[in-house]
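Encoded as structure tokens, the structure appears first; notes follow it.
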Amino acid sequence: MKTKVSRAGVALVALLATAGTAFAEGEWSGNVAVTSDYVWRGVSQSNEDPAISGGFDYANDIFYAGVWASNVDFGDASDTNLEADFYGGFASEFANGVTWDLGVIYYAYPDADDEDLDFVELQAALGYEFEGGVGVGGAVFWDPDNESVYVQGTAAYSFTDAFSTDVSVGNYSFDGGGDYTNWSLGGTYALPIGIDVDLRYWGTDVDDVDIADERVVLTLSKSL
């Protein structure tokens, strides 16, 4: 735990120090969502049960930071029911229209009893949106403590301002084995009342693990 907290703390403190006194001039936003199943990288984090989540984000120029939380259920001895993510980074756009994002994420499970579930990821991402509503992106997430790497590619298309679809493919590799690939295909529709409806299919190449089976997930979310 000490090593993981230390790495997360150092990274986040460095980000905040770079941001300086600009906090007073930035913008805050929030979000809340309810989903039929909290799926992360193709695997259910809520034991295939519904989940409620929400968070707050801060942005100022190229700097951003935020916190997000959700109920979880891993069905293990940790008996944890809460995940809280703290993140920060820098994101902007090159002159050629390519977007970039460098950040750090600290995943915390404060009620995990004596189990050490907390971990840190460093992330780097690039994206580009073509004319006509087509966008593509790629990201790499590295967990130095557990020696794992997650690589993801995405493509999206906006039919209208209210309706868009996207597809993603990701590969999770671990130093100790257990690598797997996951994929998703979904569509999001923004209702006039300010609620986004997302219907998504998830799949993995993991065999004989119920929480990694194919599934369709419905999520309702709202920006605050």
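The values are calculated or read from the model by the stated rules, or taken from the named source; none is laboratory data. Here the structure is a predicted model, which is why all the values come from computation and not from measurement. Methodologically, a virtual Cβ is constructed for each residue, glycine included, from the backbone with ideal geometry; neighbour enumeration extends over all protein chains shown. Note: areas computed on protein heavy atoms with side chains; ligands, DNA, RNA excluded. Shrake-Rupley method; radii C 1.70, N 1.55, O 1.52, S 1.80 Å.
Name the residues in segment 186-224 that are of a type in the set (D, E) and part of a strand (DSSP E or B), would you?
Correct list: D196, D198.
Which residue out of E214, E129 is among the acidic types (D, E), open to solvent by 30 Å² or more (accessible area, probe 1.4 Å) and over 16 Å from V39 (Cα atoms)?
One residue alone meets the criteria, E129.
Which of the residues belonging to segment 62-111 are open to solvent by 60 Å² or more (accessible area, probe 1.4 Å), aliphatic (A, V, I, L, M) and assigned to a strand (DSSP E or B)?
L82, L102
Among the numbered criteria (1) in contact with a Lys or Arg (Cβ under 8 Å, 6 or more places away or on another chain); (2) outside any loop (DSSP other than H, G, I, E, B), which one does D145 miss?
Only one criterion is unmet by D145, namely (2).
Give the residues of segment 112-135 that are farther than 30 Å from G75 by Cα and assigned to a loop (DSSP other than H, G, I, E, B), sorted by residue number.
F130, E131, G132, G133, listed by residue number.
Would it be correct to say that V5 is under 30 Å from D179 (Cα atoms) and modelled with pLDDT of 95 or more?
No, not satisfied.
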